[in-house]
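Contents: one structure, followed by commentary.
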Amino acid sequence: MADILTSIIGNFNITDPINIGINLILSTLIGGIVMLIVLEIIAKEFHESVNPMHAFLLVLLINIINIVGLLGIVASLISFPLIWIILPIVIWIVLVKLLFRDLKISHVLIVAIIGYIITIYLIPYIVGFVRSFIPF
C-alpha cells in the first residue's frame, strides 16, 4: 500500500503543501482583486450590480479546480477536439452565471472569457512577482 501511495503522490516533502497553500492564497487574493476590477468595469458599463465577495469566491473555486486537476480528469473522459480550450471556458461560464445571477448571459460570456485569459496570462506573473518577496 505504501508503494502505491508513494507512486501517486510522488516525492512530496513538508514544504510542498505549504507552497501550494501560499500560492493558493496569493492567487486567490490577486485574482480576486483583478476579477473585481473587471467585474466593476463591466457592471458600471452595463448598469448592473455585482457582489465583491463573489469575485473572490469565483477565483478561489477556479484555483481549487486547477489545483485538484479536475480539468485533466474530465478531459480524459471526454474525447473531443479542443477540449482543453472549451472545457475551462465552459466551467468559467457556469461559475460566473451561478455566482452572478444578475448578469445577462452576454455579459457572463464577456466576464468568463476575460477571466479565463487573465488567469492564464496575467495572474501567474503577478503571483510570481509577489511570491518572490515571501521567504518560504
Filter region 77-136 down to the residues that are part of a loop (DSSP other than H, G, I, E, B), in contact (Cβ under 8 Å) with a residue 60 or more places away in the chain and among the β-branched types (Val, Ile, Thr) and list them by number. ILE134
List the residue pairs whose Cβ atoms are under 7 Å apart, where the first residue sits in region 25-39 and is among the aliphatic types (A, V, I, L, M), the second is buried (at least 19 other Cβ atoms within 10 Å of the Cβ) and not in a helix (DSSP H, G or I), and the two are 6 or more positions apart or on different chains. LEU39/VAL50
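Let me confirm something: among PHE100, PHE80, PHE46, PHE133, which residue is aromatic (Phe, Trp, Tyr), closer than 20 Å to LEU26 by Cα and out of contact with any Pro (no Cβ under 8 Å at 6 or more places or on another chain)?
Numbers: PHE100 fails: closer than 20 Å to LEU26 by Cα; PHE80 fails: closer than 20 Å to LEU26 by Cα; PHE46 fails: closer than 20 Å to LEU26 by Cα.
Within the list PHE100, PHE80, PHE46, PHE133, the selection yields PHE133.
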Failed item in (1) under 16 Å from the mean Cα position of the chain (by Cα); (2) at pLDDT below 90; (3) at negative phi, with GLY69 passing the rest: (3)
Out of VAL90, VAL111, VAL50, VAL94, which single residue is at pLDDT 90 or above and surrounded by 16 or more Cβ atoms within 10 Å (Cβ to Cβ)? VAL111
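Somewhere in region 4-24, is a residue surrounded by 17 or more Cβ atoms within 10 Å (Cβ to Cβ) and modelled with pLDDT of 80 or more? Even if it seems obvious, please write down each step before you answer.
Of region 4-24, the ones surrounded by 17 or more Cβ atoms within 10 Å (Cβ to Cβ) are 23.
From what's left, modelled with pLDDT of 80 or more: 23.
The answer is yes, given that some residue of region 4-24 is surrounded by 17 or more Cβ atoms within 10 Å (Cβ to Cβ) and modelled with pLDDT of 80 or more.
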Return only the number of the condition from (1) modelled with pLDDT under 90; (2) of a type in the set (Gly, Ala, Ser); (3) assigned to a helix (DSSP H, G or I) that GLY32 does not satisfy. (1)
Determine whether ILE62 is in a helix (DSSP H, G or I), modelled with pLDDT of 90 or more and out of contact with any Cys (no Cβ under 8 Å at 6 or more places or on another chain). yes
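The values are calculated or read from the model by the stated rules, or taken from the named source; none is laboratory data. Treat the numbers as computed from the prediction; the structure is a model and nothing was measured. Reconstructed Cβ throughout: ideal geometry from the backbone, glycine too, with neighbour counts over all protein chains shown.
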